[in-house]
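I have placed the structure first, in the form of structure tokens, so that the comments after it can refer back to it.
What follows is calculated from the coordinates using simple rules that are stated; it is not laboratory data. Note that the structure is a prediction, hence the values are computed from the model and not measured. Positions of Cβ are generated from backbone atoms using ideal geometry, with glycine treated the same way; all protein chains shown enter the neighbour counts.
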Amino acid sequence: MIKYFVLKFDLLKQVQAAKQICRIGIGRIKMSGHNKWSTIKRKKGANDAARAKVFTKIGRELAVAVKNGGADPNNNAKLRDVIAKAKQNNVPNDNIDRMLKKAAGDADTTNYEEIIYEGYGPSGVAVVVETLTDNRNRTAGEVRHYFDKAGGNMGNPGSVTFMFEKQGVIIIEKEDTDEDQLMEDALEAGATDFLTDEEDIFEIRTEPNDVGVIRDELGEKGYNIISSEAAYIPSTYTRLESQDDMKKMAKMIEMFEENDDVQNIYHNWENEDEYEED
């Protein structure tokens, strides 16, 4: 049964000794669409070559973070976020150290540009693609090709992102986690939503700029944080009915994920978990 609790200030005042929290929605809410957990599980089951690509992409993010804000994570919030992401993706500490030294040195003069592409997949599935590229013409051509190959099309800036909302998303393992205590700790840290739909994880939503602070607070309390980042969350969803459309959409996602320039892909495919690969 779906449960949805709205905890108002008066109740929180009694429960949390006058903590300054105004309102939060807590409930079993369907988490398909942005499918962050589906992506995480897919990466965890990836082969060595796929994991190497993840490491490469994180290294690129780290290089940009260092270039923009310096090599000291204590004074660079974005760098702290990327290091946390690296550890969540099981990048060895030695690899992280080498990436940091390389990014802080003068040897790598590559300039990466952050570009967001938008478009539609099969049957109008909305897609947002975040990239870091040193050649926007190459990346634009490849992204357009992936959309075309799936029977979709690349759109103009703003043609799709209006259907998404940028939110912080923190994924925490359910095993050995007290739900009520986590809910209270998340509230106290400043979370905006607490989702419990999946069998093996809790999902905490935050304001995009608060995800790092809340992640650190929960991590200090011993919670097993699987993932934490700002993500595009769809406000509406598109269901694919035909197996052919599902296959095209899954292949398009795979092509994006295999491209070194693509950092993240978000979509509003509602029933991704129903697709069974041939």
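Before moving on, here are some points about what is shown:
- Share of pairwise Cα separations in region 115-159, more than 13 Å, in percent: 49 percent
- Computed 3J(HN,Hα) for region 162-172, one whole-Hz value per residue from the Karplus formula 6.51 cos²θ - 1.76 cosθ + 1.60 where θ = phi - 60°, is 5, 8, 10, 10, 6, 9, x, 10, 10, 9, 10, glycine and proline marked x.
- Region 214-278 versus region 43-118: alpha-carbon centroid distance in Å: 20 Å
- Amide H contacts of G168 (H built 1.01 Å from N, under 5 Å, at least 5 apart or other chain): T206, E207, A231
- HN-Hα J in Hz across region 133-139 - Karplus 6.51, -1.76, 1.60, θ = phi - 60°, x for Gly and Pro: 9, 9, 8, 5, 5, 4, 5
- Considering only H145, V169, L187, the residue lying farthest towards the positive end of the dipole of region 144-193 is H145, judged by Cα position with unit charges set on Cβ.
- Take the Kirkwood radius over Cα pairs of region 43-104, plug it into Stokes-Einstein at 4 °C and 1.567 mPa s, and you get 112 µm²/s for translational diffusion.
- Karplus-derived HN-Hα couplings along region 91-101 (A = 6.51, B = -1.76, C = 1.60, θ = phi - 60°), whole Hz, x at Gly and Pro: 6, x, 4, 4, 5, 4, 4, 5, 4, 5, 5
- Mean Cβ neighbour count within 10 Å, used as a protection proxy, ranking 156-167, 229-240 highest first: 229-240, 156-167
- For the peptides 69-77, 56-64, the ranking by packing is 56-64, 69-77, with the highest mean count of neighbouring Cβ atoms within 10 Å listed first.
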